[in-house]
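Novice: Starting off with a structure, shown below.
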Amino acid sequence: MKKKGFLLFVLMAALIVSCTEETQKQGIKNEGTQSAIKEQTATAGYQHVRIKKFPFAVQCWTFRKFSFFETLEKVKSLGIKYIQAYPGQVLSKDMPGVKFSHDLDEEQIWIVKKSLKEKGLEIVGYGVIGFENNEESMHRVFDFAKTLGIRTIVTEPEYDDYSLLDRMAREYNINIAVHNHPVPSKYARPETVLEHVKSCSEGIGSCADTGHWMRTGVNPVEAVKLLKGRILDVHLKDLNEFGTKEAYDVPFGQGKANIHDILAELTLQNYGGFLSIEYENEKEIDNPSPSIIKGIEYIKSITK
């Protein structure tokens, strides 16, 4: 009898262990299923977003091998009316010693404005620039921007006190957008940008560079969500790989950025700025236009 009782006990213990293991497996399975459902729901939500038509601008760094005036011709040929200039680009191949910047003299600025008008183009942004945390330095940049009708200055401040910068932005009614270069840049992560701008006026926000986020290992969609209400400019990029500095630019929709969901999230946020195209693929530096055109065609295909 004792032997039979012992065998019965062993059988019951084995049954209990088996049931426990099955329950645990089912729990893991259910957890995985719920995670998959959440992911599918989020994706489905973006799939049903009617992506708005955003105006395009071209960051002149895209045509950094060429002069500023040559860049104007190339942007016009793309059918785009807006540009974001950067400091340091040769102004004209006939004047290789003169660089586009806020240090241009009155005559040079007049020539720039004349050329823009003749080509039907407009400078809407300027950067990435650095300027000292004092009124003299800031007035020079803001006065230059005001003269050219620039709406947004893109920068990466070395300092943490934004009080003077905020006052200047309000005084001139010109936006300041904090750009993110990849690590080890101070502003590589969106949390850092948000921490610096959240207590400022609405004219201080983020210049969301999707490609540099990817090089840092930051999901661009999640970064855009985090910075909701604070995005004033977008340097739109799509890269062939995620999480590596060696990644290179590809036409929108052909890389790992998830351009569709980025634009869907921007639509949900009612983002009212430009999509500044900055194509940096060094292998295509002589002629990036074909890839830009392919990317624009993709965005048009997902725009309702």
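Derivation of every value follows stated rules applied to the coordinates shown; laboratory data play no part. If you're wondering where the values come from, they're calculated on a predicted model, not measured in any experiment. Note that we place each Cβ from the backbone using ideal geometry, even for glycine, and neighbour counts take in every protein chain shown.
Novice: Within segment 67-74, identify whether any single residue is free of Cβ contacts under 8 Å to residues at least 24 places away in the same chain and either over 24 Å from LEU268 (Cβ atoms) or not in a loop (DSSP other than H, G, I, E, B) (or both), and answer yes or no. Before you say what the answer is, go through the steps one by one.
Specialist: Of segment 67-74, the ones free of Cβ contacts under 8 Å to residues at least 24 places away in the same chain are 70-71.
Checking the rest, the ones that are also either over 24 Å from LEU268 (Cβ atoms) or not in a loop (DSSP other than H, G, I, E, B) (or both) come to 70-71.
Yes, there is a match, as at least one residue in segment 67-74 is free of Cβ contacts under 8 Å to residues at least 24 places away in the same chain and either over 24 Å from LEU268 (Cβ atoms) or not in a loop (DSSP other than H, G, I, E, B) (or both).
Novice: Quick test for you: out of VAL193, VAL178, VAL154, pick the one residue that is of a type in the set (A, V, I, L, M), in a helix (DSSP H, G or I) and buried (at least 22 other Cβ atoms within 10 Å of the Cβ).
Specialist: Exactly one of VAL193, VAL178, VAL154 is of a type in the set (A, V, I, L, M), in a helix (DSSP H, G or I) and buried (at least 22 other Cβ atoms within 10 Å of the Cβ), namely VAL193.
Novice: Further question on the same structure: Would segment 215-231 turn up any residue that is charged (D, E, K, R), under 22 Å from the mean Cα position of the chain (by Cα), crowded, with 21+ Cβ neighbours inside 10 Å and not in a loop (DSSP other than H, G, I, E, B)?
Specialist: Checked against the condition, which is being charged (D, E, K, R), under 22 Å from the mean Cα position of the chain (by Cα), crowded, with 21+ Cβ neighbours inside 10 Å and not in a loop (DSSP other than H, G, I, E, B), segment 215-231 yields at least one hit.
Novice: Here's a check for you: in segment 79-110, which residue that is surrounded by fewer than 16 Cβ atoms within 10 Å (Cβ to Cβ) and among the aliphatic types (A, V, I, L, M) is farthest from the chain's Cα centre (by Cα)?
Specialist: MET95
Novice: I'm trying to understand the selection: among the residues of segment 101-129, which are farther than 16 Å from GLU278 by Cβ and either assigned to a loop (DSSP other than H, G, I, E, B) or in contact (Cβ under 8 Å) with a residue 60 or more places away in the chain (or both)? Reasoning before the result, please.
Specialist: Restricting attention to segment 101-129, the residues satisfying the condition of being farther than 16 Å from GLU278 by Cβ are 101-122.
Answer for segment 101-129, where residues must be farther than 16 Å from GLU278 by Cβ and either assigned to a loop (DSSP other than H, G, I, E, B) or in contact (Cβ under 8 Å) with a residue 60 or more places away in the chain (or both): SER101, HIS102, ASP103, LEU104, ASP105, GLY120, LEU121.
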